[in-house]
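The values are calculated or read from the model by the stated rules, or taken from the named source; none is laboratory data. Everything numeric in this text was worked out from a predicted model, so none of it was measured. Virtual Cβ from ideal backbone geometry, glycine too; neighbours counted across all protein chains shown.
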């Protein structure tokens, strides 16, 4: 039963009950769709240097656009999660990327801050609508394994990491008004992936019903207290993730005299290494236990952030950004899986809260970091983030791995 404290060590229980992926075709489709939808989310920070250069936005305005991509999205994400707990909405796997692409496509067309903000917010809401349904489906397809969830998460991180590589040349050649080109990815996902997803769901449902003999197994008891402490850890960790995502490129450009292309590369290094860290963290969570894997990831953030702040040149800063990305994303899939295990009867709600509200509350600190950067400089703003992984680690002292069965 979920919600009780296990008397076994995390390592021994993980070895005994290590879950396995049960339907790879469904998981692969979800991974690809996750890459597409999060590509549009990753396009936002990649656009920021161009908006600063062409429209002369200050750091506070930049942070406001970052918040537009997260605030409204996260407020509605638990709502979509609660809805999908009661009624499945599989069409969101295709419609989410389509609408996210539409928002990003509009964002650069009009040189009006309010329009840009609203278009980015539309993209963020579409991303939010996608995630609870897709995360619940990924849990089913992965058999509840943290490693399976980590591969689903990697799809999103590939999209996030690939966005700067594609956004930079498009906007360098066509200017900010070339953003409609970026909407093509969402349109392709809608046309190609939605029919494939419908086919895969039918195959998966048929196999699942045959395996269970038509029986529905009880899920267990929801443990809201543990989920609350987990949410607090997720919130604080997301302050670091969003802060680095918003400002690492600008830090290299303005403080280390890097080009915009190198600045975009730093964001790619952070997110690309984060994809590797997510897979590693998922495997570690299945082997050593969820909570222990999270703690290791939080601790590993400190040397990466220190290396970025103390970097004497661009190559060292790029390497530090990669180390920081690896460590920051290590707990990501493990947190989502643990949240779903704490709330087995509300998997969509758990996904919406851990991927939505908790992340956005943390992301809402980004404008404060922007104002601090305007007043004291980016190095000072980034140095404040050193306390964040320590606070997350302290919250995990209240957590235990969920006992399953």
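Considering every residue within segment 11-22, establish whether at least one is farther than 26 Å from residue 125 by Cβ, assigned to a helix (DSSP H, G or I), at pLDDT below 75 and in contact with a helix residue (DSSP H, G or I) (Cβ under 6 Å, 6 or more places away or on another chain). Walk me through it before giving the result.
Step one: list which residues in segment 11-22 are farther than 26 Å from residue 125 by Cβ, which gives 11-22.
From what is left, the residues that are assigned to a helix (DSSP H, G or I) are 11-17.
In the following step, the residues that additionally are at pLDDT below 75 were identified as 11-17.
Retained after the next criterion (residues that are in contact with a helix residue (DSSP H, G or I) (Cβ under 6 Å, 6 or more places away or on another chain)): 11, 14.
Yes, segment 11-22 contains at least one residue that is farther than 26 Å from residue 125 by Cβ, assigned to a helix (DSSP H, G or I), at pLDDT below 75 and in contact with a helix residue (DSSP H, G or I) (Cβ under 6 Å, 6 or more places away or on another chain).
Which numbered condition trips up residue 358, out of (1) under 27 Å from residue 143 (Cβ atoms); (2) buried (at least 23 other Cβ atoms within 10 Å of the Cβ); (3) under 20 Å from the mean Cα position of the chain (by Cα); (4) at pLDDT 85 or above?
(4)
Just need a number here: residues in segment 369-392 that are touching a residue at least 60 places away in the same chain (Cβ under 8 Å) and under 20 Å from residue 233 (Cβ atoms).
Total meeting the criteria: 8.
Check 336, 388 and return the single one that is over 30 Å from residue 90 (Cβ atoms), touching a helix residue (DSSP H, G or I) at 6+ places or on another chain (Cβ under 9 Å) and in a helix (DSSP H, G or I).
The conditions single out 388.
For segment 303-333, name all the residues that are within 22 Å of the chain's Cα centre (by Cα) and assigned to a loop (DSSP other than H, G, I, E, B).
330, 331
Looking only at segment 66-75, count how many residues are free of Cβ contacts under 8 Å to residues at least 60 places away in the same chain and buried (at least 24 other Cβ atoms within 10 Å of the Cβ).
Selection size over segment 66-75: 1.
Would you check which residues across segment 251-269 are in contact (Cβ under 8 Å) with a residue 60 or more places away in the chain and either surrounded by fewer than 23 Cβ atoms within 10 Å (Cβ to Cβ) or within 18 Å of the chain's Cα centre (by Cα) (or both) and list them?
If the condition is that a residue be in contact (Cβ under 8 Å) with a residue 60 or more places away in the chain and either surrounded by fewer than 23 Cβ atoms within 10 Å (Cβ to Cβ) or within 18 Å of the chain's Cα centre (by Cα) (or both), then 253, 254, 255, 256, 260, 261, 265, 267, 268 are the ones that fit.
For segment 151-160, state whether one or more residues are at pLDDT below 80 and closer than 30 Å to residue 262 by Cα.
The answer is yes, given that some residue of segment 151-160 is at pLDDT below 80 and closer than 30 Å to residue 262 by Cα.
Restricting segment 276-300 to residues that are surrounded by 24 or more Cβ atoms within 10 Å (Cβ to Cβ) and within 24 Å of residue 165 (Cβ to Cβ), which is nearest to the chain's Cα centre (by Cα)?
Of everything passing the filter in segment 276-300, 278 is nearest to the chain's Cα centre (by Cα).
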